[in-house]
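Inspection log for the structure reproduced underneath, given as structure tokens.
FYI, it's all coordinate maths here, none of it is from the lab. Bear in mind the structure is a predicted one, so any value in this text is a computation, not a measurement. Backbone-built Cβ (ideal geometry, glycine too); neighbour counts: all protein chains shown.
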């Protein structure tokens, strides 16, 4: 599967819809209006491969996502879970209206180049995950993929100016949020703060998976780069950053205690409450230029 060029910002044609609503204000009272909503719909992610000459299809799970960039979402999910390391592990992919269980549901099937390893049983959850939590349903957090971000003397230092500019850089890419106010965003930037890619989704974990999947399709390595988040920094998002080898996570909101622990262990500089003229550095502050 060859790398494909992917736009910096994903298309939004299927991402929003109209909904009738009653608007109330103290000045105008009740008014009938049409509101733009971010679309939330299920997607089954499944894999296909050959084992001993037999074709195998397996549903890994169902996530509630914003339609669009489904291939990127599936690739990013598989990468974060350790089932693929690069596009060399993927023969192709296709959408379908029915999954391997015969359920009538939007499905993206990734054709693997080889039989998956022992990680498959850990990854497969076979249940619906909400747009808020892609780890819901796990019986254990053990065995999650983790790449320790290497530290070298030549590491690029992050300037205070670049860090403070990241929320605005990401915000300018959030076209679905502009229409609906109901979408999370994630951006991949270099050490100078230059935008490389950005993606949106109703689920914050899906936005990151779409971002990583887009980087894979474009042949762009996330290693050593910055992940900017429109909200808080949860354990799962830091785990996805660690799986991708990112050097820093910069969030508008707060981190959780487990996210801080994981960032420290994986060598990630974790920055939160990045707003206006301030931010907090929770781990590996030596990457920030003083």
- Query: Which one of these does residue 272 not meet: (1) farther than 21 Å from residue 177 by Cβ; (2) in contact (Cβ under 8 Å) with a residue 40 or more places away in the chain; (3) crowded, with 21+ Cβ neighbours inside 10 Å?
  - Reply: (1)
- Residues of region 94-111 being in a strand (DSSP E or B) and without any contact (Cβ under 8 Å) to a residue 60 or more places away in the chain, which ones? 94, 95, 96
- Does region 19-53 hold any residues that are over 23 Å from residue 182 (Cβ atoms), in a strand (DSSP E or B) and either without any contact (Cβ under 8 Å) to a residue 24 or more places away in the chain or over 20 Å from the mean Cα position of the chain (by Cα) (or both), and which are they? 29, 48, 49, 50, 51
- Filter result (surrounded by fewer than 24 Cβ atoms within 10 Å (Cβ to Cβ) and on the phi < 0 side of the Ramachandran plot) within region 205-221: 217, 218, 220, 221
- Query: How many residues are crowded, with 24+ Cβ neighbours inside 10 Å, in contact with a strand residue (DSSP E or B) (Cβ under 6 Å, 6 or more places away or on another chain), in contact (Cβ under 8 Å) with a residue 40 or more places away in the chain and not in a strand (DSSP E or B) when one looks only at region 240-267?
  - Reply: 1
